Amino acid sequence: MCGIIGYIGKRNAVSVVLEGLRRLEYRGYDSAGIAFFSNKGIEVRRRRGKIKDLTSMLEPENLTSHTTIGHTRWATHGKPSEENAHPHRSNGIVLVHNGIIENYLPLKKKMIEKGYQFTSETDTEVVCHLIENYAREYPLEDAVREALKEIKGAYALAVIKEDEPDKIVGVRKDCPLVVGLGEGEFFIASDVPAFLNYSRDILFLDDGEVAVLTSKDVKITGLDGVPVKKRVQSVSWSPSMAEKGGYKHFMLKEIYEQPRAIADTLRGRFNAESGSVNLEEFGFKEEDLNSLEKIFIVACGTSYHAALIGKYMIEGLVRIPVEVDIASEFRYRKPIIKSGDLMIVITQSGETADTLAAQREAKKLGAKVFTICNVVGSTSSREADAVFYTHSGPEIGVASTKAFTTQIVGLYLFAISAGNIKGLISEDMSKEFLRELLVLPGKVEKALATDESIKMVAKQFFKARGFLYLGRGTNYPIALEGALKLKEISYIHAEGYPAGEMKHGPIALIDEELPVIVLVPKDNLYDKIISNIQEVKTRGGKIISITNDVDGEVCDISDKCILVPETNLYLTTVLMAVPVQLLAYHIGVLRGCDVDQPRNLAKSVTVE
Ligand code: AGP
């Protein structure tokens with residue numbers, strides 16, 4: 001996700017916009033830029049790097065203006081660079097964009113045929129040329145409306161036009177856009193923090209609404225041009241709370257962003273009607289798959305837990321042997337990996353030293369590498385043969401949450417597309433798998449609704465000396481993930497274990513003091529895990545079950561029962577992940593831990 005802001009009014013618009021970009025930096029920070037009206041028309045300044053780099057570059061110019069737009073980028077298409085930074089320009093049209101244009105390739109072809117020259121790798125530039133084309137016969141707001149009729153995807157736009165200096169047009173679909181109301185000045189931005197110092201009176205735009213800001217007023221209409229009545233809302237957040245969207249911590253905000261993060265990661269990548277998945281992002285051709293004999297997956301930490309789930313998915317749906325390694329172990333075990341093998345690298349940051357070392361080792365030994373990564377232009381993504389980007393937006397909290405669940409989604413799409421190609425998944429099965437994916441964001445919303453119950457569990461057990469997490473099958477990695485989240489956020493020792501393995505040792509830990517979190521989906525292992533719960537109960541252990549079995553016996557035999565929606569055995573992992581993320585968060589808060597920046601940890605471990 002990116003941050004956009006526009007200002008029109010009596011202050012120095014350049015300073016207002018630069019300050020607003022700094023407050024939006026949590027939304028993305030690989031490059032930034034502004035466009036402002038001066039006596040030369042519209043001028044644009046952009047650069048790779050953080051807002052402070054742009055600000056220091058502009059300082060000597062002492063720029064002033066009354067109408068300015070700005071953008072801080074979180075790259076989704078095209079590496080972080082000055083050319084790909086926003087604002088983008090097409091003759092007299094200049095705009096900034098947050099979102100993903102799904103049909104940008106056919107539109108780019110059409111605009112090239114119309115004679116437009118492209119200077120960036122972004123999807124955004126297409127929108128710029130399209131609006132410019134319409135602006136030759138329409139006023140700006142109508143040109144925007146006409147252009148959007150051809151656009152598919154998600155967008156929040158702020159657009160200005162050289163010969164209409166007293167106007168900013170904003171529009172949104174599936175990406176946030178808010179208008180700030182001042183005295184003779186108006187703001188438009190991705191999020192409230194951008195202008196909270198100047199205005200707390202907000203119009204929250206809805207999808208398909210167009211805002212036309214001038215120095216006199218703001219007009220809101222639909223895409224059809226019909227005026228829309230909006231209620232002015234006043235926010236009382238402090239600026240720092242506003243940067244967290246009103247949440248107390250980035251971690252909680254990012255846990256709650258998972259429905260959108262998953263929806264953004266899915267967007268444009270499959271067709272549930274036809275049951276087809278767009279495989280080219282994995283860098284695969286059909287013949288590659290048919291000759292593929294072995295797959296390796298390497299990762300660290302939470303990404304390693306996604307890798308373990310990937311093994312279940314790929315071996316289950318594609319029937320190719322998968323070896324999963326903790327990245328720091330891979331290159332020291334003399335791995336038997338050869339040319340023609342595939343390595344899947346999973347890394348949120350794309351900069352984890354252990355993971356990069358394993359990736360380079362695999363390349364050196366001749367394997368093909370594709371990375372599932374959340375940061376465009378990161379080292380892993382640049383060195384891989386192919387990249388599948390999780391569009392979860394910047395993950396600020398050190399504990400990985402939305403990146404984790406979008407990694408699982410990426411692996412799921414790969415497994416379905418590969419299984420399709422190998423003829424192991426029928427069209428009907430593929431449609432069923434993809435239908436479950438379409439409704440997953442909604443089911444994650446329901447899993448988030450367990451928050452209050454989880455908070456009660458946290459209150460009861462936050463003083464415990466340790467926790468045991470148990471799961472079977474695809475939920476064994478979720479047991480590991482739940483234990484890791486708790487350890488890194490609350491500093492309580494916790495173990496994740498395959499439930500069937502508990503009797504081979506960890507059962508000695510069980511007593512009345514030890515909370516045992518058990519992941520109990522209704523699947524073929526249900527009865528076995530019920531017996532494991534009984535083994536814990538007979539030794540006085542406290543059972544907190546996370547299950548989708550509404551009326552089954554599991555809740556009767558548990559001390560606490562958290563219900564999540566049902567789905568298939570692979571996507572159940574996403575729904576089980578949410579309560580364990582929330583539990584770690586609430587226990588960490590109750591123990592007064594620094595939840596966003598836990599002691600001893602870093603967001604990206606760039607040392608071995
Ligand atoms: C997860 O909550 C941790 N912060 C950590 O284990 C992390 O997953 C690990 O360092 C890997 O990071 P990456 O995904 O950026 O490679």
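Condition first: under 16 Å from HIS97 (Cβ atoms) and either among the aliphatic types (A, V, I, L, M) or modelled with pLDDT of 95 or more (or both). Can you find one or more residues in the stretch 48-61 that meet it? Step through it out loud before you land on a result.
Narrowing the stretch 48-61 to residues under 16 Å from HIS97 (Cβ atoms): none.
Within the stretch 48-61, none of the residues are under 16 Å from HIS97 (Cβ atoms) and either among the aliphatic types (A, V, I, L, M) or modelled with pLDDT of 95 or more (or both).
Among (1) modelled with pLDDT under 95; (2) open to solvent by 60 Å² or more (accessible area, probe 1.4 Å); (3) among the hydroxyl-bearing types (Ser, Thr, Tyr); (4) not in a loop (DSSP other than H, G, I, E, B), which single condition is TYR29 missing?
Of everything listed in (1) modelled with pLDDT under 95; (2) open to solvent by 60 Å² or more (accessible area, probe 1.4 Å); (3) among the hydroxyl-bearing types (Ser, Thr, Tyr); (4) not in a loop (DSSP other than H, G, I, E, B), TYR29 misses just condition (4).
Given the conditions (1) within 16 Å of the ligand (Cβ to nearest atom); (2) open to solvent by 70 Å² or more (accessible area, probe 1.4 Å); (3) touching a Ser or Thr at 6+ places or on another chain (Cβ under 9 Å), which single one is not true for LEU601?
Of (1) within 16 Å of the ligand (Cβ to nearest atom); (2) open to solvent by 70 Å² or more (accessible area, probe 1.4 Å); (3) touching a Ser or Thr at 6+ places or on another chain (Cβ under 9 Å), only one is false for LEU601: (3).
Please work out which one of (1) out of contact with any Gly (no Cβ under 7 Å at 6 or more places or on another chain); (2) surrounded by fewer than 19 Cβ atoms within 10 Å (Cβ to Cβ) is the condition LYS10 fails and give its number.
Status for LYS10: all satisfied but (1).
Restricting to the stretch 477-535, give me the number of residues that are within 16 Å of the ligand (Cβ to nearest atom) and free of Cβ contacts under 8 Å to residues at least 12 places away in the same chain.
1
Got a number for residues in the stretch 509-529 being open to solvent by 10 Å² or more (accessible area, probe 1.4 Å) and not in a loop (DSSP other than H, G, I, E, B)?
Qualifying residue count, the stretch 509-529: 4.
Just a yes or no: is a residue in the stretch 226-237 within 20 Å of LEU95 (Cβ to Cβ), in contact (Cβ under 8 Å) with a residue 24 or more places away in the chain and over 29 Å from the mean Cα position of the chain (by Cα)? Outline the logic, then answer.
Step one: of the stretch 226-237, the residues within 20 Å of LEU95 (Cβ to Cβ) are none.
For the stretch 226-237, residues within 20 Å of LEU95 (Cβ to Cβ), in contact (Cβ under 8 Å) with a residue 24 or more places away in the chain and over 29 Å from the mean Cα position of the chain (by Cα): absent.
Listed here are the residues, each with its yes/no results for (1) farther than 21 Å from ARG269 by Cα; (2) among the hydrophobic types (A, V, I, L, M, F, W, C).
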| residue | (1), (2) |
| --- | --- |
| GLY316 | yes, no |
| SER328 | yes, no |
| LYS338 | yes, no |
| ILE344 | no, yes |
| ALA353 | yes, yes |
| ALA362 | yes, yes |
| VAL375 | no, yes |
| TYR389 | no, no |
| GLY393 | no, no |
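For the stretch 241-270, give me each residue that is part of a helix (DSSP H, G or I), more than 17 Å from SER400 (Cα to Cα) and touching a Lys or Arg at 6+ places or on another chain (Cβ under 9 Å).
Correct list: MET241, ALA242, GLU243.
Would you point out the residue of the stretch 334-349, among those that are within 7 Å of the ligand (Cβ to nearest atom) and assigned to a loop (DSSP other than H, G, I, E, B), that is surrounded by the fewest Cβ atoms within 10 Å (Cβ to Cβ)?
Let us first name the residues in the stretch 334-349 that are within 7 Å of the ligand (Cβ to nearest atom), namely 346-349.
Still in the running and assigned to a loop (DSSP other than H, G, I, E, B): 348-349.
On the way: GLN348: 31, SER349: 22.
Of everything passing the filter in the stretch 334-349, SER349 is surrounded by the fewest Cβ atoms within 10 Å (Cβ to Cβ).
Between THR390, THR379, THR352, which is within 16 Å of the ligand (Cβ to nearest atom), open to solvent by 10 Å² or more (accessible area, probe 1.4 Å), touching a Gly at 6+ places or on another chain (Cβ under 7 Å) and among the β-branched types (Val, Ile, Thr)?
Working: THR390 fails: open to solvent by 10 Å² or more (accessible area, probe 1.4 Å); THR352 fails: touching a Gly at 6+ places or on another chain (Cβ under 7 Å).
That would be THR379, the only listed residue that is within 16 Å of the ligand (Cβ to nearest atom), open to solvent by 10 Å² or more (accessible area, probe 1.4 Å), touching a Gly at 6+ places or on another chain (Cβ under 7 Å) and among the β-branched types (Val, Ile, Thr).
What is the number of the single condition among (1) within 17 Å of THR122 (Cα to Cα); (2) assigned to a strand (DSSP E or B) that ALA75 does not meet?
(2)
Cβ contacts < 8 Å: first residue without any contact (Cβ under 8 Å) to a residue 12 or more places away in the chain and over 22 Å from THR352 (Cβ atoms), restricted to the stretch 313-339; second residue of a type in the set (Val, Ile, Thr) and within 16 Å of the ligand (Cβ to nearest atom), any location; separation 6+ or different chain. Result?
Here the result reads none, with nothing in the stretch 313-339 linked to a residue that is of a type in the set (Val, Ile, Thr) and within 16 Å of the ligand (Cβ to nearest atom).
Hey, does the stretch 410-420 have a residue that's within 14 Å of the ligand (Cβ to nearest atom) and either on the phi < 0 side of the Ramachandran plot or open to solvent by 10 Å² or more (accessible area, probe 1.4 Å) (or both)? Even if it seems obvious, please write down each step before you answer.
Taking the stretch 410-420 as the starting set, the residues that turn out to be within 14 Å of the ligand (Cβ to nearest atom) are 410-411.
Subset that is either on the phi < 0 side of the Ramachandran plot or open to solvent by 10 Å² or more (accessible area, probe 1.4 Å) (or both): 410-411.
Yes, the stretch 410-420 contains a residue that is within 14 Å of the ligand (Cβ to nearest atom) and either on the phi < 0 side of the Ramachandran plot or open to solvent by 10 Å² or more (accessible area, probe 1.4 Å) (or both).
Scan the stretch 287-330 for residues that are in contact with a Cys (Cβ under 8 Å, 6 or more places away or on another chain) and either of a type in the set (Ser, Thr, Tyr) or modelled with pLDDT under 95 (or both) and jot them down. Working first, answer last.
Residues of the stretch 287-330 in contact with a Cys (Cβ under 8 Å, 6 or more places away or on another chain): 326-328.
Within the stretch 287-330, SER328 is the sole residue that qualifies.
Would you be able to say whether some residue in the stretch 544-554 is part of a helix (DSSP H, G or I), more than 16 Å from the ligand (Cβ to nearest atom) and open to solvent by 70 Å² or more (accessible area, probe 1.4 Å)?
From the stretch 544-554, those part of a helix (DSSP H, G or I) are 553-554; that's our starting set.
In the following step, the residues that additionally are more than 16 Å from the ligand (Cβ to nearest atom) were identified as 553-554.
Within this subset, residues satisfying the condition of being open to solvent by 70 Å² or more (accessible area, probe 1.4 Å) are 553.
Within the stretch 544-554, one or more residues are part of a helix (DSSP H, G or I), more than 16 Å from the ligand (Cβ to nearest atom) and open to solvent by 70 Å² or more (accessible area, probe 1.4 Å).
With the structure loaded, tell me whether TYR469 is open to solvent by 10 Å² or more (accessible area, probe 1.4 Å), at pLDDT 95 or above and under 23 Å from VAL564 (Cα atoms) or whether it fails that test. Break it down into steps so the answer makes sense when it comes.
Working: open to solvent by 10 Å² or more (accessible area, probe 1.4 Å): no; at pLDDT 95 or above: yes; under 23 Å from VAL564 (Cα atoms): yes.
No.
Restricted to the stretch 355-371, and to residues that are without any contact (Cβ under 8 Å) to a residue 60 or more places away in the chain and either part of a loop (DSSP other than H, G, I, E, B) or touching a Leu at 6+ places or on another chain (Cβ under 9 Å) (or both), which residue is surrounded by the most Cβ atoms within 10 Å (Cβ to Cβ)? If you could, list the steps in order and put the result at the bottom.
Restricting attention to the stretch 355-371, the residues satisfying the condition of being without any contact (Cβ under 8 Å) to a residue 60 or more places away in the chain are 355-356, 360-361, 363-366, 369, 371.
Right, trim to either part of a loop (DSSP other than H, G, I, E, B) or touching a Leu at 6+ places or on another chain (Cβ under 9 Å) (or both) and you get 365-366, 369.
Numbers: LEU365: 15, GLY366: 11, VAL369: 23.
Among those that are without any contact (Cβ under 8 Å) to a residue 60 or more places away in the chain and either part of a loop (DSSP other than H, G, I, E, B) or touching a Leu at 6+ places or on another chain (Cβ under 9 Å) (or both), it is VAL369.
Could you list, in sequence order, all residues of the stretch 324-333 that are surrounded by fewer than 23 Cβ atoms within 10 Å (Cβ to Cβ) and either within 9 Å of the ligand (Cβ to nearest atom) or of a type in the set (Lys, Arg) (or both)?
ARG331, ARG333
Could you identify the single residue in GLU146, GLU150, GLU183 that is in a loop (DSSP other than H, G, I, E, B), modelled with pLDDT of 95 or more and either open to solvent by less than 50 Å² (accessible area, probe 1.4 Å) or farther than 22 Å from PRO259 by Cα (or both)?
Details: GLU146 fails: in a loop (DSSP other than H, G, I, E, B); GLU183 fails: modelled with pLDDT of 95 or more.
Only one candidate qualifies: GLU150.
The values are calculated or read from the model by the stated rules, or taken from the named source; none is laboratory data. Just so you know, these numbers come straight off a predicted model, no measurement behind them. All Cβ positions, even for glycine, are placed from backbone atoms using ideal geometry, and neighbour counts span all protein chains on display. Side chains included, ligands, DNA and RNA excluded: accessible areas come from the protein's heavy atoms. Shrake-Rupley method; radii C 1.70, N 1.55, O 1.52, S 1.80 Å.
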